[in-house]
Each structure stands twice: as C-alpha cells, then as structure tokens.
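The values are calculated or read from the model by the stated rules, or taken from the named source; none is laboratory data. The structure displayed is predicted, hence computed values, not measured ones. Positions of Cβ are backbone-derived with ideal geometry, glycine not excepted, and every protein chain shown enters the neighbour counts. Calculation scope for accessible area: heavy atoms of the full protein, side chains included, ligands and nucleic acids excluded. Shrake-Rupley method; radii C 1.70, N 1.55, O 1.52, S 1.80 Å.
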Amino acid sequence: MASKTQRKAKVEKPKVEDADVEMKDTEAPKPQSELDALTIEDIKDHISIIEKSVVNKEPRFVLRVLRQLASTRKRLNDAVLNQLIKTYISDSYEFKGNLLGYFPCTDSKDEKPHARSVLTEIYVHLLGMISLLDNNRINDSIPCAQALINRVMSVNKPTMHLLGARCFFYYSRAFEMAGRLHEARTLLHGRLRTSTLRHDSEGQAMLLNLLLRNYIHYNLYEQAEKLISKTTFLKMLTTTKVQDTSSISVKSRQPSWIIPKLLRT
C-alpha cells in the first residue's frame, strides 16, 4: 500500500480540456462588417425561398421565411437594410428613396437592383418597417407602414396571403405605438371585406384579431361582439369554437389572439 508521502509526490498532469477552453475564450470577436455580411447572406437565402414560392405558387415556402423573422430582426441595422434596399427594391418603387433615407449608410455598395418579384420587395420593406418599430422611431414608422400596406393591397396572389397578413399586423402595431390605433380601423374593415371575397383565410384571421384588439383597446365591447356575430369566417368553424371565440375575446374583455389558434385545431 502506497504511503501518504508517495501520494503527495505524484504530479498532476495539466488538463487538455481546460487549455482548449482558455484558447476559445481568448478568440477575438468578429468585426461588425463580417456579421453584417453573414446577415445579408442569410436574408438572401430567405429571398430565394420567397422567389421559389412565387415560381411554384406554393405559399408554404413563405411561411418558412416568416418563421425566421424573430431571429432575423435582431440582426438588422442601417448597413444591412441599406444594402438590401439598394439590391432588391427596384428604382420604380416610389418609396425607395424614403427607405434609403431611414437607413443611411455611406459604406454600402452601389449595385443595380436585381430583377425580383413584388413579394421580395414587400419583404425587404417589411424588414425596414420592423426595424423602425424596434428602434422606437414611431414618426417614421407611420408613413412607412402606409406605403407598405398600399403596396400589399395592390397584389392579388395566393402567395401574398401569409406575408400580407404579417404586414397588416405591423401596420396596426405602428398606429398602436403612436397612440393612433383608431385611425387604422377603417382600412382594416375594408381589407377584411376584400380578404373574405378572395377567400384569404390567413388575412381574415389576422384582420379579425386586429379589429378585436382595436375595439377592446377603446372598450368598444358591443362593436366587438357584433363583428364576431356577423363575420362569415367564424361561421365556417364549429359551433363550440364560435362560442369559445366570443367568451375568450369579448366577455373576458382582454385583447386575446385566439383565431390563429382556432386555425391550427
């Protein structure tokens, strides 16, 4: 049996794993220009998916892009958006100059716009809109939202339904943050009628939610109940689900986003 002195004489070998960890900790962070380039490449991939959706007439491809929106918005800045606007929005787009003014950048490359679909231009415009809201630039977000929605309403394609619904959400959000939510109500009502005629279920679900939120924000509970009772979209659902809609969104008097949940059931 080894003595205590022999045990103490043993020399511990350095741990290779600890050395590797220390090496990783000392790595220098990537410069912002490199991070911006990676962000632009990721968004280029998203745009390729949108173009694929347009060519194949498959709205589900757009849904894949929208699911990445939460992570994409965290990486947006003036340099990234300026480059995207110059590259993917045509010069014929009247609001392009305004968008470039919102996101100035002297280091971006001057490239000729690539020939892309209207959905791609709307998607890039939407990214700029989201960036304005995230940076609390409310005064700029209102005209940006109005221009975005005008462009959305000029397109009548099934591939536009999902992206258009998301645009209307941020349109309403801009007016809400500005304390002018009531001003968006008329347009939302008109668009709900259009979505009903076009059998746009995604648009109907979003617009119904936005209108209910609008009414409840101003304590207009009777108008909210009338909207639910008269809409044809909810009549396509089961009686139980319609009852759940009324009780959750109106009787509880809380802004509740319940219709997308109904669509998934």
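Excluding ligands, DNA and RNA, the accessible surface per residue across region 52-172 is 47 Å² with a 1.4 Å probe. Spin-label model, Gln146 to Ile49: label points 7 Å out along the Cα-to-beta-carbon direction sit 3.3 nm apart.
Of the residues Ile130, Val155, Ser141, the one whose Cα sits farthest toward the positive end of the charge dipole of region 112-178, with +1 on the Cβ of Lys and Arg and -1 on the Cβ of Asp and Glu, is Val155.
The chymotrypsin sites (Phe, Trp or Tyr not before Pro) found in region 162-226 that occupy coil by DSSP, while having at most 16 further C-beta atoms within 10 Å, are Tyr218.
Sorted largest first by accessible area at a 1.4 angstrom probe radius, with every protein chain in place, the residues Val118, Val62, Val55 fall in the order Val55, Val118, Val62.
The listed residues Leu187, Leu38, Leu69, once ranked by accessible area (1.4 Å probe) with the largest placed first, stand as Leu38, Leu187, Leu69. Take Cys105: with every protein chain present and a 1.4 Å probe, its accessible area is about 40 Å². Shape class for region 56-159, computed from the alpha carbon gyration tensor (a ≥ b ≥ c): rounded, with a/c under 1.5.
Split the accessible area of region 99-199 by element, probe 1.4 Å, and carbon with sulfur accounts for 49%.
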